[in-house]
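Heads up, the thing below is written out as structure tokens.
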Amino acid sequence: MATQLRGSAIVTAVIAIGLVLHGEIAHAKTFTVGEGDGWNFKVHDWPNGKNFTANDTLVFKYNNAFHNVAVVDENGYRTCTVGGKLLSTGNDVIKIQQGQNYFICGFPGHCAAGMKIAVTAK
């Protein structure tokens, strides 16, 4: 009888964990950075008023002959210094993490001209 109850408890725990994980995946959203205008010089205010959560996806659409996307830390964001992952497909897809997420354009002068965003995910 005790073995049967222990087995039921394990099955119940596995189902509960599965439901929690499924719920997190189901609620993840996809955002196109800059919306219809894409990743551009006016994008720095784009995150304002949006609610982001961990595992949401950001899509960066741009002309890769003129721009790219660098995933940076806070210092890279403040100083416009590329030091992390550099993407350049023109249609980059990035899953954000909980906390602060920073992105800049690594082309010379673009970040300083406002082509950067900071996204906070819950």
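The values are calculated or read from the model by the stated rules, or taken from the named source; none is laboratory data. Computed from a predicted structure; not experimentally measured. Note that we place each Cβ from the backbone using ideal geometry, even for glycine, and neighbour counts take in every protein chain shown.
Mind telling me which of the residues VAL82, VAL69, VAL59 ends up being of a type in the set (A, V, I, L, M, F, W, C), touching a Ser or Thr at 6+ places or on another chain (Cβ under 8 Å) and surrounded by fewer than 19 Cβ atoms within 10 Å (Cβ to Cβ)?
Of the residues listed, the single one that is of a type in the set (A, V, I, L, M, F, W, C), touching a Ser or Thr at 6+ places or on another chain (Cβ under 8 Å) and surrounded by fewer than 19 Cβ atoms within 10 Å (Cβ to Cβ) is VAL59.
Considering only residues that are over 16 Å from TRP46 (Cα atoms) and touching a residue at least 12 places away in the same chain (Cβ under 8 Å), look in segment 95-109 and name the one that is farthest from the chain's Cα centre (by Cα).
Among them, the one singled out is PHE107.
Looking at ILE25, ILE17, can you tell me which residue is over 14 Å from LYS95 (Cα atoms) and at pLDDT below 95?
ILE17
Report whether or not PHE31 is touching a strand residue (DSSP E or B) at 6+ places or on another chain (Cβ under 8 Å), at negative phi and either in a strand (DSSP E or B) or at pLDDT 95 or above (or both).
On the way: touching a strand residue (DSSP E or B) at 6+ places or on another chain (Cβ under 8 Å): yes; at negative phi: yes; either in a strand (DSSP E or B) or at pLDDT 95 or above (or both): yes.
Yes, satisfied.
Of everything in segment 73-97, what is β-branched (Val, Ile, Thr) and out of contact with any helix residue (DSSP H, G or I) (no Cβ under 9 Å at 6 or more places or on another chain)? Give them in sequence order.
THR79, THR89, VAL93, ILE94, ILE96 - these are the residues of segment 73-97 that are β-branched (Val, Ile, Thr) and out of contact with any helix residue (DSSP H, G or I) (no Cβ under 9 Å at 6 or more places or on another chain).
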